[in-house]
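First up is the structure itself, then whatever we jot down about it.
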Amino acid sequence: MRPADLIERKRNGEELPAAEVAELVLAYARDEVPDYQMAAFCMAVYFRGMTPGETFALTQAMIASGDTLDTGAALGRKGVDKHSTGGVGDKTSIAVGPIVAACGVPLGKMSGRGLGHTGGTLDKLEAIPGFRVELTTEEMVAQLRDIGVAIVGQSANLVPADKKLYALRDVTATVDIVPLIASSIMSKKIAAGADAIVLDVKGGDGAFMKTLDEASVLAQEMLELGRRAGKEVTCLLTDMDQPLGRAVGNALEIREALDTVRGEGPDDFTELVLDACARLLAYSDLGIGREEGRRRAEAAVADGSAHDTYGRWIRAQGGDPDPRVLPEAPIRRTVTAPRDGIVARLGALAVGVAALELGAGRRTKEDAIDPAVGVLCFAKRGDTVLAGDDLAEVHARDEASAKGAVDAVLAAYTIAHEVPAARGIVLEVIS
Ligand code: URA
């Protein structure tokens, strides 16, 4: 295999044999192919795409580049997992984990960190003082047996080819390519041992996929990879045209996830969490359908068992589950409605970037995160507001960043007179 030859053939629109795709990826993972050739290959894929066969070969090679895990088998249970393609205010796993665990289904999940305007579950959990995201496989399995939920960082040698390739894509304008995103996500889910996977595929200005049609194309690719690998997969296409829930920012999102586990979360976020829980429970070895799964998830929230599980989980990973210990920003400033009207739009990307500028995210991998800062969006699409009403609240470290964020969040709101078309959080389900 000559990398330059593969780049040229892909550039010319040829379909590459599976064995050559695999050889390229494995050689790259072993540092035998330089970054500049792999970057050129990714750019050729950007313009020429990949066939389902090529995408599957890429996925399988990425899995083969490192270790695999099977927590389901270690527990003697069917392994279920969930994943989101990333967005603004997405703290879904932090609420879903304790709810499904309280219903008797273990959820051991490897999560990632945020980059750019999208947050990462690990960064959110690390806002909890003392919380440890690095567990050994043995610790993770023991915690799953004992409590039923563990959310950890990706272990060092799980899909190392993706780690390397993702870092390269991030700096070569080759992230937003459907076959590369699909294989990146599915290789990690398959390597982590899931038998059945619920994928939250986000569409909207705050997501990688800007429209529902694009999100649907990504969902189909991931379903196909799951089918070829013998996995059960359901894709929820969900709205990322406005932030999910109210909270954007690490500690603020932990509070909102906890409120939701206690039954006091915002409507859109609660609906997504309960829908995902119902589908995970229906996929599990409990032998129940989705309706019964939904009923049990709602019951676990209502009777406090999900809240109890949340506390045991956070303590097991070294954290303090009391929300009063979460860091708080010293400065709070409200964003007020400039006129009467109806919120026609609240741009997810703009709010995500405002939170990033406050310090809630990182622009480069080396940046430190400020866990306390962020934005609470009180008014969402379709809400009626009067001039002077609080639309949002900015939580900042200093006056200058607060001022910048207030202006940016205000600009993210469009206040009009027409009622926007109503739409739920789950826009479509494909399985
Ligand atoms: N999330 C991933 O894990 N990989 C991608 O390529 C994009 C989002």
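Test GLY79 against the stated conditions and say whether it is in contact with a strand residue (DSSP E or B) (Cβ under 8 Å, 6 or more places away or on another chain) and closer than 30 Å to ASP31 by Cβ.
Considered against the rule, which asks whether it is in contact with a strand residue (DSSP E or B) (Cβ under 8 Å, 6 or more places away or on another chain) and closer than 30 Å to ASP31 by Cβ, GLY79 comes out as no.
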Q) Can you tell me which of LYS188, LYS202 is outside the structural domain of ALA44 (by TED's automatic domain parsing) and open to solvent by less than 10 Å² (accessible area, probe 1.4 Å)? A) LYS202
(Q) I'd like the full set of residues that are closer than 19 Å to ALA142 by Cβ and away from the ligand (no atom under 11 Å from the Cβ), limited to the stretch 82-122. (A) GLY97, PRO98, VAL100, ALA101, ALA102, GLY104, VAL105, PRO106, LEU107, GLY108, LYS109
Q | Total residues in the stretch 288-307, condition closer than 11 Å to GLY104 by Cβ and open to solvent by 60 Å² or more (accessible area, probe 1.4 Å) | A | 1
**Q.** Long-range neighbours under 6 Å by Cβ, at least six apart or interchain, first residue closer than 16 Å to THR384 by Cα within the stretch 408-431, second part of a strand (DSSP E or B) and charged (D, E, K, R)
**A.** THR414/ARG345
Q) Do we find that LEU218 is modelled with pLDDT of 95 or more, crowded, with 21+ Cβ neighbours inside 10 Å, touching a strand residue (DSSP E or B) at 6+ places or on another chain (Cβ under 8 Å) and of a type in the set (A, V, I, L, M) in this structure? A) yes
Q) If you check LEU223, LEU258, which single one turns out to be open to solvent by 20 Å² or more (accessible area, probe 1.4 Å), modelled with pLDDT of 95 or more and in the same structural domain as VAL149 (by TED's automatic domain parsing)? A) LEU223
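Within the stretch 414-431, can you find the residues that are out of contact with any helix residue (DSSP H, G or I) (no Cβ under 9 Å at 6 or more places or on another chain) and either of a type in the set (Phe, Trp, Tyr) or outside any loop (DSSP other than H, G, I, E, B) (or both)?
Step one: list which residues in the stretch 414-431 are out of contact with any helix residue (DSSP H, G or I) (no Cβ under 9 Å at 6 or more places or on another chain), which gives 414-423.
Answer for the stretch 414-431, where residues must be out of contact with any helix residue (DSSP H, G or I) (no Cβ under 9 Å at 6 or more places or on another chain) and either of a type in the set (Phe, Trp, Tyr) or outside any loop (DSSP other than H, G, I, E, B) (or both): THR414, ILE415, ALA416.
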Q. Filtering the stretch 149-165 down to residues that are surrounded by 21 or more Cβ atoms within 10 Å (Cβ to Cβ) and small (Gly, Ala, Ser), which residue is farthest from the ligand (Cβ to nearest atom)?
A. ALA150
Q | Unmet requirement for VAL33, which otherwise passes all of (1) open to solvent by 60 Å² or more (accessible area, probe 1.4 Å); (2) not in a helix (DSSP H, G or I) | A | (1)
Q. Is at least one residue of the stretch 287-294 in the same structural domain as LEU122 (by TED's automatic domain parsing), touching an Asp or Glu at 6+ places or on another chain (Cβ under 8 Å) and farther than 21 Å from SER184 by Cβ?
A. yes
Q: Kindly provide the set of residues from the stretch 301-342 that are farther than 30 Å from ALA102 by Cβ and within 26 Å of the chain's Cα centre (by Cα), ordered by number.
A: ALA329
Q. What number of residues in the stretch 382-403 are open to solvent by 50 Å² or more (accessible area, probe 1.4 Å) and closer than 22 Å to THR118 by Cα?
A. 2
Q) Within the bounds of the stretch 3-18, is there any residue that is open to solvent by 10 Å² or more (accessible area, probe 1.4 Å) and touching a Pro at 6+ places or on another chain (Cβ under 9 Å)? A) yes
(Q) Can you tell me which residue is modelled with the highest pLDDT among those in the stretch 153-176 that are farther than 24 Å from ILE94 by Cα and among the small types (Gly, Ala, Ser)? (A) ALA161
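Looking at the structure I just gave you, is SER65 within 16 Å of the ligand (Cβ to nearest atom) and either more than 27 Å from GLY289 (Cβ to Cβ) or surrounded by fewer than 21 Cβ atoms within 10 Å (Cβ to Cβ) (or both)? Please lay out each step first, then the result.
On the way: within 16 Å of the ligand (Cβ to nearest atom): yes; either more than 27 Å from GLY289 (Cβ to Cβ) or surrounded by fewer than 21 Cβ atoms within 10 Å (Cβ to Cβ) (or both): yes.
Yes, satisfied.
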Q: Select from the stretch 166-218 the residues that are farther than 19 Å from MET38 by Cβ and in contact with a Lys or Arg (Cβ under 6 Å, 6 or more places away or on another chain) and write down the one among them that is farthest from the ligand (Cβ to nearest atom).
A: ASP195
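The values are calculated or read from the model by the stated rules, or taken from the named source; none is laboratory data. Remember, it's a predicted structure, so these values are computed and weren't measured experimentally. Here Cβ is always computed from backbone atoms with ideal geometry, including for glycine, and neighbour counts include all displayed protein chains. For accessibility, only protein heavy atoms count, side chains too; no ligands or nucleic acids. Shrake-Rupley method; radii C 1.70, N 1.55, O 1.52, S 1.80 Å.
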